[in-house]
Amino acid sequence: MWHVWRMSVEEIPLAGGNVSAGVVRVGDTVRRQAGPWTPAVHSLLDHLWSVGFRGAPRPLGIDEQGREVLTYAAGEVPWPHHFDLLEPLDQLARVGRLARELHDALATFTPPADARWNALIAADRDELIVHHDLAPWNLVIGDRWVVIDWDNAGPGSRLWDLANAAHGFVPLSAHPDWQRADAGRRLRTLVDAYGLDQQQRRDLVPLLTVRTRAMHDFLRDQAALGVEPWATHWRTGHGDVWRADADYTEQHTDRWLKALLD
Ligand SMILES: Nc1ncnc2c1ncn2[C@@H]1O[C@H](COP(=O)(O)OP(=O)(O)OP(=O)(O)O)[C@@H](O)[C@H]1O
Ligand SMILES: [Mg+2]
């Protein structure tokens, strides 16, 4: 009995996150620090569940320590050690379909009147509530594919979220270890799977750069204000990475257009 009880309360730290300290697993649940945005995020996650979307954790409330409680998703987080899981184009296509299903499910979400969001970067426009950090560090690949880390959800647009997803999942990276000759083909695979029309493809391409540069600018501005954890991220070179990726993405604009348009 003692053994069973101990098992059920053991807290297992979950490594991998950059921002939220102290994410732990307790049994089949995850506990994360809550914030003023947590009630709005939980209403969003409840909505996703109620419309049958299964690619997000289910919210289970707040625990005795004030932490949010979510269902634990079993599987691997592809970034940075399991990106091989996303190498096959059909796996990348699955990301595109998941993003589409997610956005279609979010399109019917009406936020509570008093919703408070924690979107860090203003989107190109306000069309629906989106995730704002769709990336291989916020996806669990298991029997089910689950998008985690909803802290930055907020007003945005499908294309804004998809531009961000393209940066991480293709990836659109200038870094020698991550830059790839088949980036155009992978971008096309992601976008075909999502199902953008021709006009949306044209509109997406400039956003690829704008979204990536916005992250750089955000880190720069927060660092100037001394706001953590961003100041540390900036100091340790994250800003340079986003700037290099934005420059690379911009320099290859014609390549992305050609890859996406018939
Ligand atoms: N619902 C969940 N199911 C399974 N594992 C999870 C879940 N939520 C978080 N994790 C694990 O905890 C790690 C950190 O979680 P999370 O991404 O929420 O933290 P974060 O620090 O806010 O991340 P980021 O650096 O992306 O901002 C993830 O990499 C993942 O391994
Ligand atoms: Mg995360």
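Here, each number is a calculation from the coordinates, and none is a lab measurement. Keep in mind that this is a model prediction, so the values were computed, not measured. Positions of Cβ are backbone-derived with ideal geometry, glycine not excepted, and every protein chain shown enters the neighbour counts.
For the reader, a short list of remarks on this structure follows.
- Whether the stretch 83-260 is rounded, prolate or oblate, judged on the alpha carbon gyration tensor where a/c under 1.5 counts as rounded: rounded
- Distance between the stretch 8-81 and the stretch 109-127 - C-alpha centres, whole angstrom: 20 Å
- Helix 198-225 and the longest principal axis of the C-alpha atoms of the chain enclose an angle of approximately 60°.
- For the chain, the longest principal axis of the alpha carbon atoms and the long axis of helix 238-251 meet at an angle near 30°.
- Peptide packing for 210-222, 153-165, 41-53, 84-96 was compared via the average number of neighbouring C-beta atoms within 10 Å per residue; ordered from the highest value, the list is 153-165, 210-222, 41-53, 84-96.
- Angle in degrees between helix 183-194 and the longest Cα principal axis of the chain, rounded to the nearest 10: 60 degrees
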